[in-house]
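J.: A single structure is presented below for examination.
The values are calculated or read from the model by the stated rules, or taken from the named source; none is laboratory data. The shown structure was predicted, so the numbers you read here are calculated from the model rather than taken from an experiment. In this analysis, Cβ positions are derived from the backbone assuming ideal geometry, glycine residues included, and neighbour counts consider all displayed protein chains.
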Amino acid sequence: MPTKIFLSALLGTCLAGSAFAAEVGVIRSITLSSGGVAEIERSARVNGSESIEIEVPIDQVDDVLKSLIVRDSQGGVSSMSLAGSGPAEETFRTLPFTADDLQDPGRLVGTLQGTRVRISSNGKTVEGLAMGLSTSKAGEGKEIRALAVLGDDGRINSIELGTDAAVEILDEPMRKKVAEAMRAVGKAKVEGARTISILVDGKSEREVGIFYVVPASVWKTAYRIVNKPDQNKAMVQAWAVIENSTGENWNNVDVILSSGAPVTLKQRLHERYWRNRPEVPVSSERLLPPVVDGAEASAEHMAARVAPAPMAAVASGAAHHRAFKAADQVARANNAPTVEEGSVTATYRLPHPIDLAAGETFSSPIIDTDLEAERIAVFRPGAMQKHPISAIRLKNTTDASLPPGIVTVYDEREGYVGDAMLPILPKGVERYASFAADRNIEIASTEEPTHAITAIKAADGMLHASVLRRSIVTYRVKAAEGEPRKVMIEHPKRAGWSFTSEHVTSDDRNFHRLVATVPGGDTVEIKAVHEFADAEVIRTSDADSQLFIRWSNDASDQRLSAKLKAIAEARAAQAAAERAASDAEKDISRIESDQARIRENLRSVPPQSELATSYLRQMTSGEKALAKIRTSRDSRIAEVRKLREKVAELIRSL
């Protein structure tokens, strides 16, 4: 159809005007970091001043803009350029039509008002300046579309667009703009990369190196450990597992593995950002030039410090070892990588360049050595019910640290026994890799908390009692019949508490490690003792006899206990005397009240009457009782004074 011919012509123009960017600069080496990035090294042969082009996946462009450097011993770098983040959008900014208009010739011509066109449809042809597209309803849901064209004779012609419609743009500049738009749309549809052009200056033929850092999958370490209990050592073989996630094939590429933990940041450098500006009204007045007052402050950048995570190993020779299970021998690594350990990173350079297609996985041994090893049962209270975990203790006797990784554990006599995780293992340090439950050992524990008063001092009306709190945890370890077991209990630390045990061997940040050997069929007790120096502070006036009795029962020695008991007895006697004095005061108040009432009644009766005589007898009896009670009260008050002084003296003697 003519419409198809029209579109084909545009596509032909697009292809004729495009040029495929030549990819130069091959990958020479890749350094994979455990921080999740890859440093890519490319090289290109240039002669004089040239532009080097590399094809970069679109999701790596920001990182290339952030990190690219050029190494040129006989020249320099001038610039780097590439298409923007939205080249199609930028193309359409200056065009009267949109990308959607390109899908419909009628809509496209309708936007090209004033452009010279030739339109043919239904056997009719019109030519002139495009005026616009109109639509109307024709019933039954049909729509009639017609283009209006201003002819050379000044007449406006309308042509209905049918299925055979053909449109030809006669204006050459506009035809080029449509072709440019088609190229931009086509490139945006299929483009998954950007071509980056790097301009280098020089005068001679030379090799230029290009380096940049992009995201990459983290390389992993997988250990194989073969325990040799008769020799107290284990064969440790570590394999690096890497993936090609760079988006292109690796052909004869040197691979370096870095154990560093760098700070890795990203920023959308390839996107456009616009600063909002306030709009001000237009003034017709004549204004003086603005005065520039200082410069705008620059943003501050903070640099993060990264603790070094060194990782290296010394590969052993290819010595043969006795078989485990059905294998005749464990194959050792033929080639060890080159190891370099720096201040913040350690690197393994694989011994040979590799070929690896995009998306594929590669694994190779990077460590092969024998380490001091011992099988041990590890128990951590609270995390386990009653059975410990079987573990292998490894001591790094090499000259460098070993990287963390997953471990498959074999025993020379039993074969596969379990899996484990190995944390980073610095040189000279021991680590435990737990791999299976040891059901031949049962561990139960009991705790006995106690406290004791060690000293009491009085000062400024306060009593300060020193209290030693103690917790004794007893682990009863029972082993099944068979060979003896070495058991390690990771007893939790308590902040601020001191710790003692006959079985303690080492500590880490969270645990005291208690080790004992349990004969087969026997039971061993392991005690862990925590102590904490505490204090009780009480006002002397609030310390009653019950407090001193409690303290005497908790006293750490008999002399202190006897003193506290004496204070308790004196304090109890003082309290009894104070109650007796108080009771006497109450009796005195009651009698004095009765006497006052009798005197008032006596005034209201005849002096020589029988009732007056009765009141006088009552008053006489009351005065006698009052005198006796006052004497008893004074005696009690004196006794209270003596007992208070006695209690104070006993407290001062503590």
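J.: What residue, of A455, A459, is of a type in the set (G, A, S), closer than 30 Å to L564 by Cα and without any contact (Cβ under 8 Å) to a residue 40 or more places away in the chain?
T.: After applying the criteria, what remains is A459.
J.: Consider E340 carefully, then state whether it is free of Cβ contacts under 8 Å to residues at least 60 places away in the same chain and surrounded by fewer than 16 Cβ atoms within 10 Å (Cβ to Cβ).
T.: Yes.
J.: Of the conditions (1) assigned by TED's automatic domain parsing to the domain that holds P365; (2) modelled with pLDDT under 85, A458 clears all except one; give me its number.
T.: (1)
J.: Which one is surrounded by the most Cβ atoms within 10 Å (Cβ to Cβ) among residues in the stretch 230-245 that are at pLDDT 90 or above and of a type outside the set (A, V, I, L, M)?
T.: Checked the stretch 230-245; the qualifying residue surrounded by the most Cβ atoms within 10 Å (Cβ to Cβ) is N244.
J.: Are any residues in the stretch 401-416 among the aliphatic types (A, V, I, L, M) and either closer than 24 Å to V339 by Cβ or surrounded by fewer than 18 Cβ atoms within 10 Å (Cβ to Cβ) (or both), and if so, which ones?
T.: L402, I406, V407 - these are the residues of the stretch 401-416 that are among the aliphatic types (A, V, I, L, M) and either closer than 24 Å to V339 by Cβ or surrounded by fewer than 18 Cβ atoms within 10 Å (Cβ to Cβ) (or both).
J.: Same structure again: Test each condition in (1) surrounded by 12 or more Cβ atoms within 10 Å (Cβ to Cβ); (2) in the same structural domain as K624 (by TED's automatic domain parsing); (3) at pLDDT 85 or above; (4) not acidic (D, E) for L602 and report the one that comes out false.
T.: So L602 meets the others, but not (3).
J.: Look through S653, S621, S552, S561 and report the one residue that is more than 30 Å from H464 (Cβ to Cβ) and of a type in the set (G, A, S).
T.: Only one candidate passes the filter, namely S621.
J.: If a residue must be free of Cβ contacts under 8 Å to residues at least 40 places away in the same chain and polar (S, T, N, Q), how many such residues does the stretch 533-551 contain?
T.: 2
J.: Oh, and also: Identify all residues within the stretch 402-423 that are outside any strand (DSSP E or B), in contact with a strand residue (DSSP E or B) (Cβ under 7 Å, 6 or more places away or on another chain) and in contact (Cβ under 8 Å) with a residue 24 or more places away in the chain; write none if there are none.
T.: P403, P404, E412
J.: A follow-up question, please. Within the stretch 22-72, how many residues turn out to be surrounded by fewer than 20 Cβ atoms within 10 Å (Cβ to Cβ) and among the hydroxyl-bearing types (S, T, Y)?
T.: 5
J.: Out of curiosity, is G382 at pLDDT below 90, under 36 Å from the mean Cα position of the chain (by Cα), at positive phi and of a type outside the set (S, T, N, Q)?
T.: Yes, satisfied.
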